[in-house]
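**Student:** Here it is: the structure, laid out below.
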Amino acid sequence: MTTPPPRVEPVAPPYPPELQAIFDKIMPPGVPPLSLFTTLARVPRVYERFRAGSLLDRGPLSLRHREIVIDRTCARCGCAYEWGVHVAFFAQRVALTPEQVRATARGDGADPAWSAEEQLLIRLVDQLHDSSSITDELWKELSGAFSLEQIFEAIALVGFYHTVSFFANGLKLAPERFAASLPPP
């Protein structure tokens, strides 16, 4: 199966110095900027606000918890592009097993691949995705396991990665060459 062309061609290198400086800050050395970034850079006002809303800094959630929330959100949105990027860059780094990687895409909040805290995060993503809300029961459980700052961070990550998914899916971004593939259902 061939990948359809993207709806918007990304900005091509060489990049203007100010844009190259931004890419140098957010990409690992020697890794070219993601097509998500080079495509959004076509509309500087939107790209600037996208970057301002980003949660790529070190927040109150552990990197592992952040990645579980991000991977689950992207999978629930059907965003193979961003799910594949995050799994490729972070799954090994945060010690996600192959079963856990699969469970981000195909499991549920009761999947035994996860610890009790991680199951809560999966349930949070699923409830926000399905209803744009959190039940009182889940809120109570989250409050018993996470600080208010961590809960807010998780909610913000779900919202931000919905936006990422809307861009990647809506613009029909082709997978990055190094990205992981979403597991089949």
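**Student:** Determine the distance separating the Cα centre of segment 38-63 from the Cα centre of segment 98-174; give it in Å without decimals.
**Tutor:** Their Cα centres are 19 Å away from one another.
**Student:** A further question on this structure: Over its Cα atoms, what ratio of radius of gyration to 2.2 N^0.38 Å does the chain give?
**Tutor:** My calculation over the Cα atoms of the chain gives 1.05.
**Student:** Out of every Cα-Cα pair in segment 81-128, what percent are more than 18 Å apart?
**Tutor:** 28
**Student:** Right, something else. Using DSSP to define loop residues, name the trypsin sites (Lys or Arg not before Pro) in segment 23-98 whose beta-carbon has at most 13 other beta-carbon atoms within 10 Å.
**Tutor:** R42, R58, R93
**Student:** Tell me, what is the FRET efficiency for A110 and S133 to the nearest 0.05, using R0 = 22 angstrom and their Cβ-Cβ distance as r?
**Tutor:** Efficiency for this residue pair is about 0.65.
**Student:** Something else now. How much length would be gained if the chain were fully extended between L63 and R45, taking 0.36 nm per residue of separation minus their Cα-Cα distance, in nm to one decimal?
**Tutor:** Additional length available on full extension: 3.6 nm.
**Student:** Here's a follow-up. In degrees between 0 and 90, to the nearest 10, how far off the longest principal axis of the chain does helix 116-131 point, with axes built from Cα atoms?
**Tutor:** It works out to around 70 degrees.
**Student:** Do the sum for the chain: with -39,500 (n - 2.57) for every DSSP H run of n ≥ 4, divided by all residues, what is the mean residue ellipticity at 222 nm, to the nearest 500 deg cm²/dmol?
**Tutor:** -18000 deg cm²/dmol
**Student:** Also: How much length, in nm to one decimal, is gained on full extension between A145 and M27, taken as 0.36 nm per residue of separation minus their Cα-Cα distance?
**Tutor:** Full extension of this stretch gives 39.2 nm more.
Where a number appears in this text, it was derived from the coordinates with a stated rule and is not lab data. Please read all numbers here as calculations on a predicted model, not as lab measurements. Note that we place each Cβ from the backbone using ideal geometry, even for glycine, and neighbour counts take in every protein chain shown.
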